[in-house]
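Read-outs: derived from the displayed coordinates by stated rules, not from any lab. Note that the structure is predicted; figures quoted are calculated from it, not measured. Here the Cβ is made from the backbone with ideal geometry for all residues, glycine too, and neighbour counts use every protein chain on show.
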Amino acid sequence: MRCNMSDIAKIDEILTKAEVFYLATVNGDKPKVRPLGFHLLFEDKIYFGVGTFKEVYKQLEANQNVEIAAWDGEHFLRYYGVADLSKNEAVVQKAFELMPEIKEAYEANGWEMGVFYLNNATAEIRNMFAIEESYEFKY
């Protein structure tokens with residue numbers, strides 16, 4: 001990875017290279033994991049988006065502690081913290097610009113896109129045996 005890259009940009013690059021990553025939430029007292037692909041680095045935070053009508057969003061509202069795992073072919077990423085569900089219309093609009101087919105589906109069905117970033121977060125870039133790099137993100 002480039003040496004002059006900001007810490008959050010390193011995490012964004014791993015997620016981009018991975019293409020698909022996994023979000024773990026809590027459903028009652030059970031873990032729930034699902035694949036995601038959308039993320040957006042915006043104002044030095046990585047945002048993720050899910051429909052507010054989906055179970056995953058209800059799980060985030062009930063318990064904001066989450067973890068994201070990704071493998072980019074070289075590095076394994078564990079990125080965990082507290083999901084900040086504050087509305088950010090600029091991020092939603094940027095997401096819709098990047099994914100016009102999603103915008104069409106959401107508008108046609110009257111759905112709302114919920115976006116979140118991880119606060120009080122830790123990102124660990126790992127190999128099979130140890131943490132190679134670790135970063136803290138508190139906003």
Those residues of the range 64-96 which are among the hydrophobic types (A, V, I, L, M, F, W, C), farther than 16 Å from Phe21 by Cβ and part of a strand (DSSP E or B) amount to Val82
I need the full set of residues from the range 10-29 which are without any contact (Cβ under 8 Å) to a residue 60 or more places away in the chain, within 12 Å of Ala69 (Cβ to Cβ) and in a helix (DSSP H, G or I), in order please.
Ala18
I'd like the full set of residues that are over 14 Å from Lys94 (Cα atoms), in contact (Cβ under 8 Å) with a residue 24 or more places away in the chain and assigned to a loop (DSSP other than H, G, I, E, B), limited to the range 30-63.
Asp44, Thr52, Phe53, Asn63
Counting only residues that are of a type in the set (A, V, I, L, M) and closer than 15 Å to Thr52 by Cα, which one in the range 77-97 is surrounded by the most Cβ atoms within 10 Å (Cβ to Cβ)?
Ala83
Looking at the range 65-78, can you tell me whether even one residue there is without any contact (Cβ under 8 Å) to a residue 24 or more places away in the chain and over 16 Å from Ile11 (Cα atoms)?
no
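Return the residues of the range 92-139 that are among the small types (Gly, Ala, Ser) and in contact (Cβ under 8 Å) with a residue 24 or more places away in the chain; say none if nothing qualifies.
Pass one, the range 92-139, residues among the small types (Gly, Ala, Ser): 95, 105, 108, 110, 114, 121, 123, 130, 134.
Within the range 92-139, Ala95, Gly114, Ala121, Ala123 meet the criteria.
Identify, please: which residue in the range 59-89 is out of contact with any strand residue (DSSP E or B) (no Cβ under 7 Å at 6 or more places or on another chain) and among the small types (Gly, Ala, Ser) and is, among those, nearest to Arg126 (Cα to Cα)? Lay out the reasoning, then the answer.
Let us first name the residues in the range 59-89 that are out of contact with any strand residue (DSSP E or B) (no Cβ under 7 Å at 6 or more places or on another chain), namely 61-62, 71-74, 86-87, 89.
Checking which are among the small types (Gly, Ala, Ser) leaves us with 62, 73, 86.
Values: Ala62: 29, Gly73: 12, Ser86: 30 Å.
Of everything passing the filter in the range 59-89, Gly73 is nearest to Arg126 (Cα to Cα).
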Of the conditions (1) exposed (fewer than 14 other Cβ atoms within 10 Å of the Cβ); (2) more than 12 Å from the chain's Cα centre (by Cα), Trp111 clears all except one; give me its number.
(1)
